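The values are calculated or read from the model by the stated rules, or taken from the named source; none is laboratory data. As the structure is a prediction and not an experimental result, all values here were calculated from the model. Cβ atoms come from the backbone with ideal geometry, glycine included; neighbour counts cover every protein chain shown.
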């Protein structure tokens, strides 16, 4: 028996010595929207490591990471929820949870994954380990702006009803708080990194609506009443993504719906402080992690361009032309690089954020969203 145990221990040790360690902190995934696949990338090597296929319709897809950065939960447009293991580079689990989904979130403890649905509407919540459904929250409306909030909560907004719901999963059963008077047709929302302020953008009327989630019963605060779509007929080629709004040096930088400009809003009192005219209708306005610059991309037909805005002067200081259909940007965690998906070139292009020089590119099939694993440690991402 002793000989058997010694041999087994030796084999385990030898196996451990042979095992190739996998660190996930340098990795990320790129959505390949046309092929239902994700591309595993290494930011230091500026290289693609593997392609993982079989994720369904990724024409409007996003993902979140488990706290240990090993698993990605991919939300497909077809209602598919796919758990991807980036260490083994395989699909761990996959469920079809609705007919049409629009994104999702993971709870702050990493135990629950919530999915926001257009069809049949509502939010469904799943066990992060097994992907078994633990809660179904029907709303009778398309749901948008789903984010995680501290305290095992999810916050989301109803397009049809103009309400925001806060679902608290900290107890034995979910407790839902419904807040009315958010506004007409809220189309997306964001939450600040401290989990306090939730802002919904409105498509059907002027302005936006903010909630202070530190209040026991948050009261809607309507902001920017002189801005919006409600009083003007203007074509909107692509709705801005509000989770791509920037918070830089104490100000929000918000893409204007239908306008060729970004708005600057004081993060403390939520009053407008300025506007910057841009190349086109902004889609993402994303702050470099140090907050000094904001990078902006644009809707069709002006989507071949990125502009860089200095947050001190609020002026455009640089313009790049990566190629047709720039869909997304992602900064490395300390901001020395930005990775840019250029769908119609089938490329992800990497730029140095200080010199603006191109320093690498990766082949990808119709790339859209880029997600580094550092997102695992940030609220609302």
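The number of residues in the stretch 137-175 that are assigned to a strand (DSSP E or B), within 20 Å of residue 110 (Cα to Cα) and modelled with pLDDT of 95 or more comes to 13.
Only one entry in 317, 309 is part of a strand (DSSP E or B) and over 23 Å from residue 381 (Cβ atoms), namely 317.
Name the strands (runs of 3 or more DSSP E) wholly inside the stretch 31-84 in which the number of residues that are in contact (Cβ under 8 Å) with a residue 24 or more places away in the chain and not assigned by TED's automatic domain parsing to the domain that holds residue 121 is 2 or more.
Numbers: elements: 37-42, 47-52, 62-65, 71-75.
Correct list: 37-42.
Of all residues in the stretch 225-258 being at pLDDT 85 or above and surrounded by 17 or more Cβ atoms within 10 Å (Cβ to Cβ), which is nearest to residue 279 (Cα to Cα)?
Taking the stretch 225-258 and keeping what is at pLDDT 85 or above, we get 250-255.
Next cut, surrounded by 17 or more Cβ atoms within 10 Å (Cβ to Cβ) only: 251-255.
Details: 251: 21, 252: 19, 253: 16, 254: 15, 255: 12 Å.
If we take residues in the stretch 225-258 being at pLDDT 85 or above and surrounded by 17 or more Cβ atoms within 10 Å (Cβ to Cβ), then 255 is nearest to residue 279 (Cα to Cα).
Here 100, 117 are screened, and the one residue that is surrounded by fewer than 24 Cβ atoms within 10 Å (Cβ to Cβ), without any contact (Cβ under 8 Å) to a residue 60 or more places away in the chain and within 19 Å of the chain's Cα centre (by Cα) is 100. When you scan the stretch 199-219, do you find a residue that is crowded, with 18+ Cβ neighbours inside 10 Å, part of a loop (DSSP other than H, G, I, E, B) and either at pLDDT 90 or above or assigned by TED's automatic domain parsing to the domain that holds residue 146 (or both), even just one? Yes, because at least one residue in the stretch 199-219 is crowded, with 18+ Cβ neighbours inside 10 Å, part of a loop (DSSP other than H, G, I, E, B) and either at pLDDT 90 or above or assigned by TED's automatic domain parsing to the domain that holds residue 146 (or both).
Here is a yes/no grid of residues against (1) touching a helix residue (DSSP H, G or I) at 6+ places or on another chain (Cβ under 6 Å); (2) crowded, with 21+ Cβ neighbours inside 10 Å; (3) touching a residue at least 12 places away in the same chain (Cβ under 8 Å):
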{"site": "305", "(1), (2), (3)": "no, no, yes"}
{"site": "316", "(1), (2), (3)": "no, no, yes"}
{"site": "324", "(1), (2), (3)": "yes, no, yes"}
{"site": "327", "(1), (2), (3)": "yes, yes, yes"}
{"site": "330", "(1), (2), (3)": "no, yes, yes"}
{"site": "334", "(1), (2), (3)": "no, no, yes"}
{"site": "346", "(1), (2), (3)": "no, no, yes"}
{"site": "359", "(1), (2), (3)": "no, no, yes"}
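Listed here are the residues, each with its yes/no results for (1) in a strand (DSSP E or B); (2) in contact with a helix residue (DSSP H, G or I) (Cβ under 9 Å, 6 or more places away or on another chain).
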residue	(1), (2)
247	yes, no
259	no, no
264	yes, no
270	no, no
274	yes, no
285	yes, yes
289	no, no
295	yes, no
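Going by what's in this entry, would residue 155 be described as surrounded by fewer than 19 Cβ atoms within 10 Å (Cβ to Cβ), touching a strand residue (DSSP E or B) at 6+ places or on another chain (Cβ under 7 Å), closer than 30 Å to residue 70 by Cα and in the same structural domain as residue 51 (by TED's automatic domain parsing)? Taking the combined requirement at face value, the residue does not satisfy it.
Quick check on the stretch 15-26. Is at least one of its residues at pLDDT 95 or above and part of a strand (DSSP E or B)? Within the stretch 15-26, none of the residues are at pLDDT 95 or above and part of a strand (DSSP E or B).
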